[in-house]
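Worksheet: the structure to be examined is printed underneath.
Laboratory data are not the source of any read-out in this text; all were calculated from the coordinates shown. Since the structure is predicted, the reported quantities are computational estimates derived from the model, not experimental observations. Glycine also receives a Cβ, built like all others from the backbone with ideal geometry; neighbour counts cover every protein chain displayed.
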Amino acid sequence: MSLFNIALALFLIMDPVGNISSYHTLVGGLDSKRQNWIIFREMLIALLVMIGFNYLGEYIFDFLDLSETTVRISSGLILFLIAIKILFTASDSPRANLPKGEPFIFPLAVPLIAGPGLMATIMLYAHLEPYQSIMLSAILIAWLLSVIILFFSNTIKRVLGSNGLMACERLIGMVLVLISVQRLLEGILLFWATQPQPM
């Protein structure tokens, strides 16, 4: 996998455009300076979580004795469920049950930005990618793009409007469905390839 492919996948799973509406619901009543501080703080927390899973992933693989097939299939299933909830808003999704008051770690940093799908994906990519420098660069690129989008979320929302944001959110949901199905197929093919073949 190239640096671009990893960064793009992480960026799509982070889904900063889809989180604009949730972000504004959480901090809409605050002044812009406070909003910018919240973005920086929550995104920094999300970055630390991402980097932590990048380094802990290999240890978790070994400790739980997880196979690459297991992680591919499970991360694909998690992504698929997340994508379905984006496409068809569920009453139990984090975006539909936002708490009152200023966010601190929950729900903006975790799980809206650094959610279970992203953590599983980082673990998988960290296991597959032999060079830590590429993984860290991909994480930082995806994170930086997400920070920029949230910093300019007021402008983006004003330009696109509620319908435009919803359309972008649905489009990203469709892309996530494609990524999740691809990962499921890779896991199934890997499982099939590792099974002993009959003589």
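Amide H to amide H distances under 5 Å link residue 106 with no residue, where only residues 5 or more positions off or on other chains count and H is placed in the peptide plane.
Where (1) 17.5, 55; (2) 17.6, 71; (3) 21.1, 70 are the candidate values, the label of the one calculated here for Rg and Dmax of the Cα atoms in Å is (2). Segment 1-62 and segment 135-168 have Cα centres lying 10 Å from one another. The distance between label points at residue 154 and residue 30 comes to 1.4 nm (points 7 Å beyond Cα on the Cα→Cβ vector). Axis angle, to the nearest 10 degrees, between helix 132-151 and the longest C-alpha principal axis of the chain: 20 degrees. From helices alone, the chain scores -26000 deg cm²/dmol at 222 nm; the rule is -39500 (n - 2.57) for each run of n ≥ 4 DSSP H residues, then divide by the residue total. Counted by Cβ distance under 13 Å from residue 34, the other residues give a net charge of -1, where Lys and Arg count +1 and Asp and Glu count -1.
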